[in-house]
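Q: Sending over a structure as structure tokens; questions will come in a sec.
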Amino acid sequence: MTAEVAAMRPSDEPDGDLRARMDAIGAAARAAAAELALTPAQSKTRALHGAAEAVRRAQADILIANAKDMEAARAKELGAAMLDRLALTPARIEAMAAGLDAIADFPDPVGRTLDEWERPNGLKIARVSVPLGVIGIIYESRPNVTADAGGLCLKSGNAAILRGGSESFHSSAAIHGCLQAGLRAAGLPEAAIQRVPTSDRAAVGMLLSMNETVDIIIPRGGRGLIERVQAESRVPVIAHLDGLCHSYIHAGADPKTAHDIALNAKMRRTGICGATETLLIDRAVAETILPAILRDLIDAGCEIRGDETVCGIEPRAVPATPADWDTEYLDAILAVKVVGGLDDAIAHIAHHGSQHTEAIVTEDAAAAAAFISRVDAAIVMHNASTQFADGAEFGMGAEIGISTGRLHARGPVGAEQLTSCKYVVRGTG
């Protein structure tokens, strides 16, 4: 594994050679997708379990590869949140392996009869799930996306072309080698999960133009990456945009529940898209519930950027600027605002939110129902931390991303969301 990782280094090849390589990757993926569409569920399951075992066996090599990436990231003086997203530990590697095992054991999403009916003329019609085809996944610093994306695409019968960020180049190469080992063990084509073996950014532009061999592009990363993909892609896009998530403490909240959720939603992992970035609280309970929350957040290392009322309650808070209500920090920073009530909170979320994940904390069932029905987001929560906005937490094993769009898939994109359908019509002549 170590020799393989060392060989997979960034490429300085001319654009013509890179174009030829990308075209070859696309053609191989198209051929693999045709084979995967007919592959029995047992073979995909065997490949995924094999990949999980390969990840466990290669833990030491993966950690060595990750150490190279971390050293380079520190030399570039990347922020703490980025370093956290990039870092792998034995526990995180085991979580990757467990995720592959979980994906393997899910029911096969391909070939399901989604609906069926018979027409008066005798035609019998069924809607059946089928793979999307070839999926290009473009992602940034998180190396675990290599395992999640490759595993989910395989489970759903799709060929995958993975293009990870330069920050995780060596880590992703090591993990990809494990996925390839699983494919070989199950007798499936290695082209079913390919990785673009260069950090040259020109490869991204080429992948976005491969509409003859690629069916869907899924970008996962910061706003700059997503906006570039949406602007340049000639292939349909399932977008994972900002995670500007809100937690709203309603006047009917239980103080302890509100305290525990607020701390977890911000501080469990600050660098993930489901981390709460803005805390809203009703004026009626701000003086009683907020002081303990702010004190414990600050003691845990969180910077508070608050409105005038918040700064009056907690002198260590920094006055918020208008930009704070529109910022995805991905760091130990939290914007806090006091609102007049449910309508005010919903209006703030509608104006500043990214339609990712929004949560209300309350024991008032009517208020919770109103929040859930009126807030427009991929995920809406009641008395739960926004950190649960995750495919694994949803029981999907893993997810490629949280889709904030409205077409095809919305929310966590797991194996089932990576399928389409075809209509099967049977008659009697």
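The values are calculated or read from the model by the stated rules, or taken from the named source; none is laboratory data. No experiment lies behind these values; they were computed from the predicted model shown. All Cβ positions, glycine included, derive from the backbone under ideal geometry; neighbour counts span all protein chains shown.
Q: Please work out which residue is surrounded by the fewest Cβ atoms within 10 Å (Cβ to Cβ), limiting yourself to the stretch 313-334 and to residues that are of a type in the set (G, A, S) and in contact with a Cys (Cβ under 9 Å, 6 or more places away or on another chain).
A: A332
Q: Being among the polar types (S, T, N, Q), buried (at least 18 other Cβ atoms within 10 Å of the Cβ) and over 25 Å from I218 (Cα atoms) narrows it down to one residue among S385, S373, S354; which is it?
A: S385
Q: When the stretch 385-402 is examined, which residues are found to be touching a strand residue (DSSP E or B) at 6+ places or on another chain (Cβ under 6 Å) and at pLDDT 85 or above?
A: Those that are touching a strand residue (DSSP E or B) at 6+ places or on another chain (Cβ under 6 Å) and at pLDDT 85 or above: T386, A389, F394, I402.
Q: Going residue by residue through the stretch 245-258, is there one that turns out to be at negative phi and under 17 Å from the mean Cα position of the chain (by Cα)?
A: Yes - at least one qualifying residue is present in the stretch 245-258.
Q: For residues that are of a type outside the set (S, T, N, Q) and either buried (at least 21 other Cβ atoms within 10 Å of the Cβ) or modelled with pLDDT under 95 (or both), tally how many sit in the stretch 39-49.
A: Final tally of qualifying residues: 3.
Q: For the subset of the stretch 134-156 comprising residues that are in a strand (DSSP E or B) and under 13 Å from the mean Cα position of the chain (by Cα), which member is modelled with the lowest pLDDT?
A: Per the stated criteria, the residue is Y139.
Q: Can you go through A320, A286 and tell me which one is closer than 20 Å to H259 by Cβ, free of Cβ contacts under 8 Å to residues at least 60 places away in the same chain and assigned by TED's automatic domain parsing to the domain that holds T276?
A: So the residue among A320, A286 that is closer than 20 Å to H259 by Cβ, free of Cβ contacts under 8 Å to residues at least 60 places away in the same chain and assigned by TED's automatic domain parsing to the domain that holds T276 is A286.
Q: OK, next. How many residues does the stretch 323-355 hold that are under 16 Å from E277 (Cβ atoms), under 29 Å from the mean Cα position of the chain (by Cα) and either not polar (S, T, N, Q) or not assigned by TED's automatic domain parsing to the domain that holds L280 (or both)?
A: 21
Q: Further question: Does I216 satisfy the condition of being in contact with a His (Cβ under 9 Å, 6 or more places away or on another chain) and either closer than 29 Å to P40 by Cα or of a type in the set (D, E) (or both)?
A: For I216, the condition - in contact with a His (Cβ under 9 Å, 6 or more places away or on another chain) and either closer than 29 Å to P40 by Cα or of a type in the set (D, E) (or both) - is met.
Q: Is there a residue in the stretch 298-309 that is in contact (Cβ under 8 Å) with a residue 40 or more places away in the chain and either within 18 Å of V361 (Cβ to Cβ) or buried (at least 16 other Cβ atoms within 10 Å of the Cβ) (or both)?
A: No; the residues of the stretch 298-309 include none that is in contact (Cβ under 8 Å) with a residue 40 or more places away in the chain and either within 18 Å of V361 (Cβ to Cβ) or buried (at least 16 other Cβ atoms within 10 Å of the Cβ) (or both).
Q: Looking only at the stretch 103-152, which residues are within 30 Å of F169 (Cα to Cα) and loosely packed, with under 14 Cβ neighbours inside 10 Å?
A: Of everything in the stretch 103-152, just one residue is within 30 Å of F169 (Cα to Cα) and loosely packed, with under 14 Cβ neighbours inside 10 Å, namely D105.
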